1. Residues being part of a strand (DSSP E or B) and under 20 Å from residue 165 (Cβ atoms): count how many of those fall in the stretch 114-127.
2. Kindly indicate the residue of the stretch 78-108 that is part of a strand (DSSP E or B) and touching a helix residue (DSSP H, G or I) at 6+ places or on another chain (Cβ under 6 Å) and also nearest to residue 30 (Cα to Cα) among those meeting that condition.
3. Give me the residue from the stretch 9-34 that is modelled with pLDDT under 95 and not in a helix (DSSP H, G or I) and, out of that set, surrounded by the most Cβ atoms within 10 Å (Cβ to Cβ).
4. Residue under question is residue 90, and the condition is that it be crowded, with 20+ Cβ neighbours inside 10 Å, farther than 27 Å from residue 204 by Cα and in contact (Cβ under 8 Å) with a residue 40 or more places away in the chain; does it hold?
5. Please work out which one of (1) at pLDDT 95 or above; (2) surrounded by 15 or more Cβ atoms within 10 Å (Cβ to Cβ); (3) under 17 Å from the mean Cα position of the chain (by Cα); (4) not in a helix (DSSP H, G or I) is the condition residue 142 fails and give its number.
6. Please go through the stretch 111-139 and pick out each residue that is within 14 Å of the chain's Cα centre (by Cα) and farther than 23 Å from residue 184 by Cα.
7. Out of (1) part of a strand (DSSP E or B); (2) touching a residue at least 60 places away in the same chain (Cβ under 8 Å); (3) over 16 Å from residue 142 (Cα atoms), what's the single condition that is false for residue 111?
8. Can you pull out the residues in the stretch 62-77 that are surrounded by fewer than 19 Cβ atoms within 10 Å (Cβ to Cβ), touching a helix residue (DSSP H, G or I) at 6+ places or on another chain (Cβ under 7 Å) and within 23 Å of residue 194 (Cβ to Cβ)?
């Protein structure tokens, strides 16, 4: 089975968002990765509901929405209305994680949990069977273009073992510093999906970059 590729539009050309969305539509990519930041949970601010709705209008592939925000529960319904197909919340931002996951699923979306680089895989032991997706952050969240944290490879292996042991169907996604070299190591460790921003949108041929990741 080929690797799922989810280009991060955080790295796209904001003056030509529709053009870049249509490029992803035409490419071998599987999902659109959309990072939502609130300036509270992470030290940056990014897309809101109007941008997600605008992307949805032109996208022909599922929207993989990653919430780097405090108090995500109060916005779940709004993200569904804006067009999210998958909604991933941070373990570190959810006091009642099980309730949050059930809330996401009740709105017909796939539910994911993201882990910061310092957060242990073991903390998912009690909820892994309820998840559709686990997103391993291989950089500290908040900004694109950061250097890959190598410990993410070990975390992917640990997560793959946990998923197998618990009989979960959760996919393993990795975000941060993904390129052909790091991507190959992550897939070998058990990752199913790769988020790529700078590697795709700064490439001379973004569609080829996506295709190359897909083959890992």
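1. Matching residues across the stretch 114-127 total 1.
2. So, considering only residues that are part of a strand (DSSP E or B) and touching a helix residue (DSSP H, G or I) at 6+ places or on another chain (Cβ under 6 Å), the one nearest to residue 30 (Cα to Cα) is 87.
3. Among residues in the stretch 9-34 that are modelled with pLDDT under 95 and not in a helix (DSSP H, G or I), the one surrounded by the most Cβ atoms within 10 Å (Cβ to Cβ) is 12.
4. Numbers: crowded, with 20+ Cβ neighbours inside 10 Å: yes; farther than 27 Å from residue 204 by Cα: yes; in contact (Cβ under 8 Å) with a residue 40 or more places away in the chain: yes.
Here the answer is yes, as residue 90 does meet what is asked.
5. (1) is the only condition that residue 142 fails.
6. 111, 131
7. The one condition residue 111 does not meet is (2).
8. Of everything in the stretch 62-77, nothing turns out to be surrounded by fewer than 19 Cβ atoms within 10 Å (Cβ to Cβ), touching a helix residue (DSSP H, G or I) at 6+ places or on another chain (Cβ under 7 Å) and within 23 Å of residue 194 (Cβ to Cβ).
The values are calculated or read from the model by the stated rules, or taken from the named source; none is laboratory data. Computed from a prediction, not measured in an experiment: that's the story for all the values here. Neighbour counts are summed over all protein chains in view; Cβ atoms, including those assigned to glycine, are modelled from backbone coordinates with ideal geometry.
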